[in-house]
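See structure below.
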Amino acid sequence: MTKRCFDGFNNSQKLRVILNGITIYTTIKGVMFDLFGNTEQRAAVCDALLQLSYDFRNNNCVGIGRNYRGYDVQVDLL
């Protein structure tokens, strides 16, 4: 059994990630393991996902947008 990367979301959860104006459709697994070669970009998106996970569990929020680690990041659940 695979461990969930973020509480409340399956690793197969589909996402739309906008990173500095570039739109990417992916899954949580794609963000964590396949997509980003730059670790700072991956860390920024993971920070956003961590905040979204918290907000989703407490407020049923389905998207978040903010500046993380110098990158403008928006993450939306699909």
*Leaving out ligands, DNA and RNA, what percent of the accessible area of the chain is carbon and sulfur, probe 1.4 Å?*
48 percent
*Using 0.36 nm per residue of separation minus the Cα-Cα distance, give me the extension gain between Arg69 and Ile22 in nm, one decimal.*
15.3 nm
*Spread of Cα-to-Cα distances over 5 Å intervals beginning at zero, given as percent, for the stretch 5-47*: 5, 23, 36, 26, 9, 1
*In Å², what does the accessible area per residue of the chain work out to with a 1.4 Å probe?*
61 Å²
_Check which residues have an amide H placed less than 5 Å from Tyr68's amide H, if you skip close sequence neighbours._
Val73
_Give me the base-10 log of I(q)/I(0) for the chain at each q in 0.11, 0.15, 0.17, 0.26 Å⁻¹, Debye formula, one uniform scatterer per Cα, rounded to two decimals._
-0.23, -0.44, -0.57, -1.38
*So if we plug the beta-carbon distance of Tyr54 and Asp34 into 1/(1 + (r/R0)^6) with R0 = 25 Å, what FRET efficiency do we get, rounded to 0.05?*
0.55
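The values are calculated or read from the model by the stated rules, or taken from the named source; none is laboratory data. Everything numeric in this text was worked out from a predicted model, so none of it was measured. In this analysis, Cβ positions are derived from the backbone assuming ideal geometry, glycine residues included, and neighbour counts consider all displayed protein chains. Heavy atoms of the whole protein, side chains included, go into the accessibility calculation; ligands, DNA and RNA do not. Shrake-Rupley method; radii C 1.70, N 1.55, O 1.52, S 1.80 Å.
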